[in-house]
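**Student:** I'd like to ask you about the structure that follows.
The values are calculated or read from the model by the stated rules, or taken from the named source; none is laboratory data. Everything quoted here is computed from the prediction, not taken from an experiment. Here the Cβ is made from the backbone with ideal geometry for all residues, glycine too, and neighbour counts use every protein chain on show. Protein only, heavy atoms only, side chains kept; ligands, DNA and RNA dropped before computing areas. Shrake-Rupley method; radii C 1.70, N 1.55, O 1.52, S 1.80 Å.
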Amino acid sequence: MRGFTVMLPVHRPPAMLPLAIESVLAQTLTDFDLVVICDGAPPETAACARDYAARDPRVRVLDLPKGERHGEAHRHRVLQEAVESERPLVAQLADDDLWFPEHLAELERLLADVDFGNLLQARLTPDGAVALHHGDLADPQARERMRTEPFNFFGPSVAGYRLAAYRRLVHGWEPAPTDVWSDLHMWRAFLDTPGLRLATRFSVQGVSLSAAERTDADLAERAAESRRVAAGLLGSAGARDDFRQRAFADLWAHLDTAVTHRDQLSEAHDRAVAAIADLTTQLEATHAAFVQAGEEAGRQRQASLRRRARIRRLRAQVAGLRRRNTALAEELATIRASRSWRLSAPLRRLTGRRDR
């Protein structure tokens, strides 16, 4: 599966453009069509690109007016016109980045198995350090962060995709919302298309000279730095190997930190599990005590109910005895009254008195 359409958008004077073009022309995989997209660039930029096109038929130039935002619609036009049978693969390079000679070959190896992916992006900082962007498209968490957060670990200069996959997307290159990076907006279209195979190939095949870290340098200073980097890296396999070693050293350091963090999380997890087990034991003991106390309270309630019932019975007995005593007292009084009358009857006869 050979044949790349390589897009190289540029919007400024050609101070760094020759180095970028030459890094493409030096690729070991030579089957490509390099399209320099002049997005409202000054005339000298288009002239510089046409000079290369005159010397190499693989280079062609589109001199276009400035497109909306970063001229993404111009890129879409290029891919709409590309012939899939001749150029089934797509790559892109920024004019301030440089490819190593094996870049397209490595990207082709990646795209033999996937529809969209990236090589590792390594940047050279102004102080000479090498920093690697960490991430893996095969990681579901990384993909979800890219979908939902302002998170992106690779730019267009290390990305690649099949033209057939691009034509399946809901949208291609287009002006992104103002709060979303243009490349991330494009990558999300791949991430949201069902059935596409995505992966990262852990290969460093280029150098990024980030503009965000060089805001205090003018174009001439940046071009001079690019020439020094190109002379040091593109002309020496040993220098490129050293650059890769430094990039992977940064990756190993990141992984060591991640492993340390993982171990710390594991230890914290183990402590949490032990604490949960201890709390569970305490909860079970507390629950048992609660059940026991509840049962004891139940027994006491039953005993209390029995005492109250007994008291009610005793009170009823006392009331009955009182009623009986009252009745007996009344009966006794009646008896006493009757007896008194009988005893006095003989006396009334003797005295001749009668009851009235």
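**Student:** Look through 45, 28 and report the one residue that is of a type in the set (Ser, Thr, Tyr) and outside any loop (DSSP other than H, G, I, E, B).
**Tutor:** Numbers: 28 fails: outside any loop (DSSP other than H, G, I, E, B).
The conditions single out 45.
**Student:** Something else about it: All but one of (1) open to solvent by less than 20 Å² (accessible area, probe 1.4 Å); (2) part of a loop (DSSP other than H, G, I, E, B); (3) under 16 Å from residue 9 (Cβ atoms) hold for residue 94, so report the exception by its number.
**Tutor:** (1)
**Student:** Also, quick follow-up: Out of all the residues in the range 1-40, which are crowded, with 18+ Cβ neighbours inside 10 Å and within 15 Å of residue 223 (Cβ to Cβ)?
**Tutor:** Within the range 1-40, 10, 14, 15, 16, 17, 18, 19, 20, 21, 23 meet the criteria.
**Student:** Separate question: Out of the range 41-60, which residues are touching a Pro at 6+ places or on another chain (Cβ under 7 Å) and open to solvent by 10 Å² or more (accessible area, probe 1.4 Å)? Before you say what the answer is, go through the steps one by one.
**Tutor:** Pass one, the range 41-60, residues touching a Pro at 6+ places or on another chain (Cβ under 7 Å): 42, 44-45, 48.
Across the range 41-60, the qualifying residues are 42, 44, 48.
**Student:** Here's another thing I want to ask about it. Right, residue 263: over 25 Å from residue 157 (Cβ atoms), modelled with pLDDT under 90, among the acidic types (Asp, Glu) and open to solvent by 80 Å² or more (accessible area, probe 1.4 Å) or not?
**Tutor:** So residue 263 does not fit the description; no.
**Student:** Could you check the range 199-256 and list, in sequence order, the residues that are part of a helix (DSSP H, G or I) and under 27 Å from the mean Cα position of the chain (by Cα)?
**Tutor:** Passing the criteria: 212, 213, 247, 248, 249, 250, 251, 252, 253, 254, 255, 256.
**Student:** Take the residues in the range 59-78 that are touching a Phe, Trp or Tyr at 6+ places or on another chain (Cβ under 6 Å) and not in a strand (DSSP E or B); name whichever of them is farthest from residue 227 (Cα to Cα).
**Tutor:** Restricting attention to the range 59-78, the residues satisfying the condition of being touching a Phe, Trp or Tyr at 6+ places or on another chain (Cβ under 6 Å) are 59, 72, 75-76.
From what is left, the residues that are not in a strand (DSSP E or B) are 72, 75-76.
Details: 72: 28, 75: 27, 76: 31 Å.
Here the residue is 76.
**Student:** For the structure I just gave you, tell me whether residue 138 is touching a strand residue (DSSP E or B) at 6+ places or on another chain (Cβ under 9 Å) and surrounded by fewer than 20 Cβ atoms within 10 Å (Cβ to Cβ).
**Tutor:** yes
**Student:** Looking at the range 141-171, which of its residues are part of a strand (DSSP E or B) and either open to solvent by 30 Å² or more (accessible area, probe 1.4 Å) or among the hydroxyl-bearing types (Ser, Thr, Tyr) (or both)?
**Tutor:** Our first condition is that a residue be part of a strand (DSSP E or B); within the range 141-171, this holds for 159-162.
The answer is 161, 162.
**Student:** Quick one: which residue in 46, 54 is under 27 Å from residue 175 (Cβ atoms), out of contact with any Ser or Thr (no Cβ under 8 Å at 6 or more places or on another chain) and free of Cβ contacts under 8 Å to residues at least 24 places away in the same chain?
**Tutor:** Details: 54 fails: under 27 Å from residue 175 (Cβ atoms).
Result of the check over 46, 54: 46.
**Student:** Let me ask something else. Answer yes or no as to whether residue 183 is surrounded by fewer than 14 Cβ atoms within 10 Å (Cβ to Cβ), within 24 Å of the chain's Cα centre (by Cα) and outside any strand (DSSP E or B).
**Tutor:** no
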